[in-house]
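*Asks:* Sharing a structure with you now.
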Amino acid sequence: MSKRIIVSNLDGTDGGSTDIVTQITIKELKKNKEDFFKLSPNSNSVFICNGYDKSYKEYTITNYETGQEKYIKSDRKIYIGFTY
């Protein structure tokens, strides 16, 4: 189930614009045909999903800018639909 959230860009980098992001779980990412996501609506970090790791029973994700890898549970809420 998705949920829409309005996020204001308060740091003024692009004129104070707003985005409407959608909250989903990581396991719904492929169904929504998205590649990039954030872990919080106001985050500056953008991630990509590498896939599901059966041995850990978690998804592996990579920070798109730094290359740092993490594991997150399949019911973790993520945010898509932002302007990058």
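The values are calculated or read from the model by the stated rules, or taken from the named source; none is laboratory data. Note that the structure is a prediction, hence the values are computed from the model and not measured. For neighbour counting, all protein chains shown are included, and Cβ atoms are generated from backbone atoms with ideal geometry for every residue, glycine included.
*Asks:* May I ask you to say which residue of LYS27, LYS70, LYS57, LYS38 is surrounded by fewer than 16 Cβ atoms within 10 Å (Cβ to Cβ) and under 23 Å from LYS3 (Cα atoms)?
*Replies:* The conditions single out LYS27.
*Asks:* Can you pull out every residue in the range 42-51 that is outside any loop (DSSP other than H, G, I, E, B) and either surrounded by 14 or more Cβ atoms within 10 Å (Cβ to Cβ) or aliphatic (A, V, I, L, M) (or both)?
*Replies:* PHE47, ILE48, CYS49, listed by residue number.
*Asks:* What is the number of the single condition among (1) exposed (fewer than 11 other Cβ atoms within 10 Å of the Cβ); (2) closer than 19 Å to THR18 by Cβ that ASP75 does not meet?
*Replies:* In the conditions (1) exposed (fewer than 11 other Cβ atoms within 10 Å of the Cβ); (2) closer than 19 Å to THR18 by Cβ, ASP75 misses (2) alone.
*Asks:* Tell me which of these SER17 doesn't satisfy, since it passes every other one: (1) at pLDDT below 95; (2) among the small types (Gly, Ala, Ser); (3) exposed (fewer than 10 other Cβ atoms within 10 Å of the Cβ).
*Replies:* Every condition holds for SER17 apart from (3).
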